[in-house]
Structure formats: structure tokens, C-alpha cells
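Bear in mind that the values in this text are calculations on the coordinates, not laboratory data. Predicted, not measured: the structure shown is a model, and the values here were computed from it. Here the Cβ is made from the backbone with ideal geometry for all residues, glycine too, and neighbour counts use every protein chain on show.
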Amino acid sequence: MGIKIVPRHGNTLKEKLYLPAIFGGMKTTLSHLITNLSDTPEIKTINYPEEQPHDISERYRGVHRLTKRDDGSVRCVACFMCATACPAECIFIEAEERNDGVDEKMPKRFDIDLLECVFCGACVEACPCDAIRMDSGIFSFIGKKREDFVLSKEQLLANEEKKA
Amino acid sequence: MAHITVDGTVLEVKEGALLIEELLANNINIPHFCYHPALGKDGNCRMCMVEIEGQKRPQIACDTPIKEGMIIRTKGANIDRVKRSILELELINHPIDCPICDQAGECSLQNYYMDVGLYESRLSTPKTRGEKHVDLGANVVLDQERCVLCTRCVRFTKNITKTSELGVLSRADHSVITTFPGAKLSNPYAMNVVDLCPVGALTSKDFRFQKRVWFLNAKEAICDHCARGCSIFVDHHKEKYKDEVIYRYRPRLNDKINGYFICDAGRLSYHKENENKEFHALIRGKISEYEYAEGKLLRLLKRHLGKTAFVISSNLSLEEMVRVQKLAKLYEIALNAYEPERFDTSFGDDFLKCNDRSANARALPLLGIDTSKEMLQEALNRVELVVLIGRSDANVIKEMGYTQNIAILCSRCEVTCKEVELVLPIASHTRREGSFINLDGYVQHSACAIQSEHGHKTLLAILAPILGDTIFTCKEVWEAELFFYEVLKGVSFDSLKTTPKIAL
């Protein structure tokens, strides 16, 4: 095994004094302060929550949504591929017979526990029917108790695709 | 004996036997739909093609008798091309609705396609549509579009049950499996066609959409629905934040007892194993802590020492019976296994089902446990406490004029449970292991012990502290106690895997 000798820094008088390095660092900070004072609109901050972020891209993985068929009914057929792929095991599905002639099977219950979800997008990749997507653009989800974070089928169906 | 060369390895096989039989017996993967060991060859699916040296074209392995010196290739680009073409043909009218198909995950068509599929449709005409949800009767649902017309189900009703309800109707790509007009699939073994069906054409109405099969864990067990004791798989799964649930029983191959099949009644008997969720220990009808009820049992036994009778169920395992008998002998407790409802003359038939509904009644005479009503009556006249073990039919005891204390150790809540001194739930059939002697004297071990979340202990675990020893498992019981029994000579716990037979 080869050994690489790394030179040790910090032994010179200039380095041991610390002050030159501090002033060097402060120079950068002060230069930013002066630039920002003279040109306020360029500051990279927003007045959240009054002002919402405008850089949520198309690929951003937000809160899930269940897509609908052309007739407005749920597209999901409860095949459990998302629940199988989910590394956090946060998708809870119960299947039932579908009798409206559109398909044979649909979810009776489709819950996603957002507190357990790691927003990895594996469910979206796994879905063979394009029934679950994460393109709602919802990046912040608020609830008052733990149960509020378990999204039901109805809530997931109500989430809309984020318009560009 | 003949020697054949398969993919370069020499195998010693039976001359004249079907090639597919011997190849499958040697763990060589041969895709097949229509061939089934219990139904024999049919040669209609053409899936089991192999190359045989000296033959012009690939041959089907299921209808080729073995000859000495055959050289066979089951792999290679040529044979893959043949398989790919056959699968393409099978899938021309297949709906490819795997997301909603219950068979997905254990589907032959799916598995073979994963191996050698074309993955690209060349079909330009619309698919021939069939009916998607045909209720054939007997809990069997047919999807005509998914069918590959292997006719396993047709041959099962023709050759095994001899009821011939199913047949193939129409020609070419309009061919469908169907029953005769007005008739339904109705025989006590009908649900076996669901297991036989290699694809998702026949699915069980009972299991339909209940669970995807890849979540299921299979455990080996013995069916306790009648004295036949068919070998089964118990498919169970514990969903996150939920209790362990059994989803289905499936037949497990056992040449000595049930072959490849089980009856529908036994298959559906798993429901009772899921029903004990709300079953708690009861003291005079009031819910009690399990540990407290366990202590109460011990106190009852102590208080009525010498004036106690055990009335056991003939469904207890061999190990449990031996342990109960030991306890009875130690404290001079009367032991009886009288069961008026043991025989059900409407249940049996000449295939697998039998009238004797007890899982292990053959063990009673072997161990010398009395089953007569007279002896029970005699015992009831002099005791102050009756402990029903593995059963809850307190009304039988009451009808015999007994009015004093009754304690029940059982796995299922019945009406009578509310009216007795003590009810202590014990682990039900699939939640504890045990050995059973079947109708013909075969000793089998049911190793399925799904963890009980309700803290219901096994009978062995309840008896061990009362007996003052540490024998909790079946293996320990065999080594410590069953070793002495003359009738079980030559049978050890490890030999139970081979289903030994004893003289009854």
C-alpha cells in the first residue's frame, strides 16, 4: 500500500497569528454586505410565506396525487406495485371489486403516511398505470396532529397537477 | 434404467418414463402449461420443447418416452427462439392485465415471459375479446382472456372428480373454457382448479383481491378439518400496524395422503383461524388479564385437587395429549375425550373427505385415553371442577347433569364461554406446532406456528409451569415423553418429515 505524505499546514508565524485569516474572511463578508446594501432586489431571499417559491421545477417531488381516467374516476387498480416498491412502507392499500365496467379492481382505501414517506419517488416509477404522481408541487404540508398527515384516497385524488 | 445426457450432464433415469417427469425430478427447468404430474400429459401447449439429438425439430418433453442414450438440450438460442414464438402466440389475445390479476407473482406465463419473452408486440389487428368475470360456481371465477387453454381444469373435472363440468367451447381463438348451459361447477374439490390453472384464468372468489401473492409467507401445516389430515401450505402475512392474517390454504404435495389436492371445505377452513381476534381471557364472563387467568387456572386446580376431570378435544396434538395425560396421572385427575359430535356422516366421500372430523382421535386409544360417555358420567358424578381442553362445548357436560365449576381452555370463543368460571384462550391450530395421526395411521407434523399477537399461549406453554418442567416444544416432548410409547417405536421427531405409518 502506498503512503502519501501530506504536508502539515499552520506552522508559519502568519498562520499562527490567526488575524490575517480572520480579516481575509471578513473581507468577503463585508464586500457582500456592501453589494447588497447598494442593490437590494438582488438578495436571494423571499418573504415566505407571503411570497411563494417560484423555482419549483417540473421534476420536483411534491406531495403525491392519484391521477384520474378520462371519465374522472380513479385510475389506480390497486396492484400494490407502489406499496411493494416503497422503501418506507408508507402506502396502505385495500383493494376491492370494481363493478362499473371500466375495470375489475380499484382501491377501497389508499393511504399515504406523509410522516413516514421519504419522497423518493419509487412509487411513481413503479406504477404500471401512471396512477400515482408527485407533480402536485406541494412542498410544504401542514397538519395539527399525526393523523392529518395520513392522506386518504379522496385527498390524493383532490390534489391537482401543478400548472407551469 | 437409462442414461441420458441433458445439457452436457449425464443423468440416470427410468427408461420409458416421460422425459418431462424425469427432467423436472432432476430440477431442470422446463416451461410447461398443460402437463401436470397428477393429470398427465396432454401435449397441447407446446411449451416444453427440447432439442433431441437426431430429431429434425424440437420435440415436446411431455410426450417423449425416454430411450437409452438420448442427448437433450434444454437451453440455447435455438430453443429460446422456439419458446419465444410459442409465448408470442399465447399472448396474442392475452389482455396483459397483470396489475389486476391475482395470479401475478405466481403465474407461469409471466415467469416464462420474463425469461424468454419478445417484449415487443407485432400484433396489428385488434385482440379477440372474451368475458372477464365469469362466475363458474364453487368460488371459481373465470377470465376467458387470460386462459391459455391448457385444459388442466377440464382434465381435473374429467379424470379426478369425474364430474366433467368443464369443457372447451368454440374453435380457434374463440375457444373458451366453460360449463354446460345452465350447469355450474359444483363438486367438493372444485377450487383445486384454481391451483391447477398455470395462469390467472381461474381465480378463487374467496382470495380475489385480498392480497398480492408476493407478500405472502407460506408455512407447512396439516389441515385439521377432518381425519384425513391433508398436507397444506398456510399463506399468511402481517401488514404493517395490523395483525397477522391467514389469507389462504393451499394443498402441499404429499403422495401418501392427499397427493396434489385438498377439499374445498378444508381449504376454506382457514377463516376460523382469523376469527379469534376479540377473544380474551374471561373469568365468570368478565374480561381478565391473561396472566391473572392463568394463575386462576392453577388456583382452581389446587383448590379442587383430586376432584377434577379433564375433558379433552380429539383435535389436540399428540404432544399436547401426552402432556395433559402426564398432568392427569400426576394429580389423579380423571381424563376423558368423549365427543358426541366427532362423526359427521354427511361430510365424507370416497376421495379425501372422511366422516371422522377429529384431527387426532387415533391417538386417544394409543395413549389409553378413555372416550366413553359412561366413564365421563361416572367421573362427573364425583368431581367439582371440569376443565375442557381444546374445546368449548360446555353444554355437553351440562346436559349430563353436571352443575359445578367449569374451566375452558380453547382457541375460539363460543356462546358457552360466557357462562363458565374461567376461559383461558390458547393458541389455535396454525399458531402452534403439533403432530397428528391421520385416519390411516400416518403420523405427520404440522410445523406452522404463526406468532399470536394476542398473547395466547400454546397449551404446551401453559402446561409446563403446572408440571414444573421446561418442556415447551414438540421436539422436547418427543425426546422426553413420547420416546416411551410402545406404539410409536421407530418413530422419532426427525423422522416425522417422511410421514411414517404406525399400526392403529
Review point. Using the C-alpha gyration tensor of segment B:2-91, what are the square roots of 5 times its eigenvalues, in whole angstrom, with the largest one first?
Key: 20, 16, 11
Study note, to complete from the structure: Taking the convex hull of the alpha-carbon atoms of segment B:316-404 and averaging its shadow over every direction gives an area in square nanometres of 6.5 nm²
Exercise for review: Determine the sum of side-chain charges near B:Arg248: Lys and Arg each +1, Asp and Glu each -1, restricted to other residues whose C-beta is under 13 angstrom from that of B:Arg248.
Suggested key: +1
Check your understanding: Based on the alpha-carbon gyration tensor of the protein assembly as shown and its eigenvalue square roots a ≥ b ≥ c, which shape applies: rounded if a/c is under 1.5, prolate if not and a/b is larger than b/c, or oblate?
Key -> oblate
**Study point:** Order of B:Ser85, B:Ser314 under a 10 Å beta carbon neighbour criterion, fewest first
**Key:** B:Ser85, B:Ser314
Exercise for review: Please tell me the relative contact order of segment A:1-99 in percent, rounded to the nearest whole number, where contacts are Cα pairs under 8 Å and at least six residues apart.
Suggested key: 9 percent
Review point. In whole angstrom, how long is each semi-axis of the equivalent ellipsoid of segment B:87-164, when you take the square root of 5 times every eigenvalue of its Cα gyration tensor and sort them from largest down?
Key: 25, 15, 13
Exercise for review: Would you list which lysines come within 28 Å of A:Lys4, measuring only between C-alpha atoms, while excluding same-chain residues fewer than 8 positions from it?
Suggested key: A:Lys14, A:Lys16
Check your understanding: A:Lys44: which lysines have alpha carbons under 29 Å from its alpha carbon, excluding same-chain residues fewer than 8 sequence positions away?
Key -> A:Lys27, A:Lys162, A:Lys163
Check your understanding: By counting other Cβ atoms within 10 Å of each Cβ, how are B:Met191, A:Met134 ranked from fewest to most?
Key -> A:Met134, B:Met191
Point to revise | Intensity falloff of segment B:26-163 expressed as log10 I(q)/I(0), Debye formula with alpha-carbon point scatterers, at q = 0.11, 0.17 Å⁻¹ | key: -0.48, -1.07
Check your understanding: Which lysines have a Cα less than 21 Å from the Cα of B:Lys75, not counting those fewer than 8 places away in the same chain?
Key -> B:Lys56, B:Lys67, B:Lys83
**Study point:** Gyration tensor over alpha-carbon atoms, chain B, equivalent ellipsoid semi-axes in Å
**Key:** 51, 25, 20
Study note, to complete from the structure: Answer check: chain A, Cα atoms, Kirkwood Rh, Rg/Rh ratio of 1.26
**Study point:** Greater than 20 Å apart at Cα, pairs in B:Lys242/B:Lys277; A:Lys144/B:Lys238; B:Lys286/B:Lys307; A:Lys68/A:Lys108; B:Lys256/B:Lys353
**Key:** A:Lys144/B:Lys238; B:Lys286/B:Lys307
Exercise for review: May I ask you to give the average projected area over all directions of the convex hull of the Cα atoms of segment B:282-498, in nm² rounded to one decimal?
Suggested key: 12.3 nm²
Study note, to complete from the structure: To the nearest 10 degrees, the tilt of helix B:318-330 (Cα long axis) against the first principal axis of the alpha carbons of chain B is 10 degrees
Revision key, fill the gap. Projecting the Cα atoms of B:Val387, B:Val168, B:Val50 onto the charge dipole of the protein assembly as shown, where Lys and Arg contribute +1 and Asp and Glu -1 at Cβ, the residue farthest towards the positive end is B:Val50
Revision key, fill the gap. So the number of lysine pairs in segment B:98-204 with alpha-carbon atoms under 25 angstrom apart, 8 or more residues apart or on different chains, is 4
Review point. Cα gyration tensor of segment B:113-239, axes a ≥ b ≥ c as square roots of the eigenvalues: rounded (a/c below 1.5), prolate (a/b > b/c) or oblate?
Key: oblate
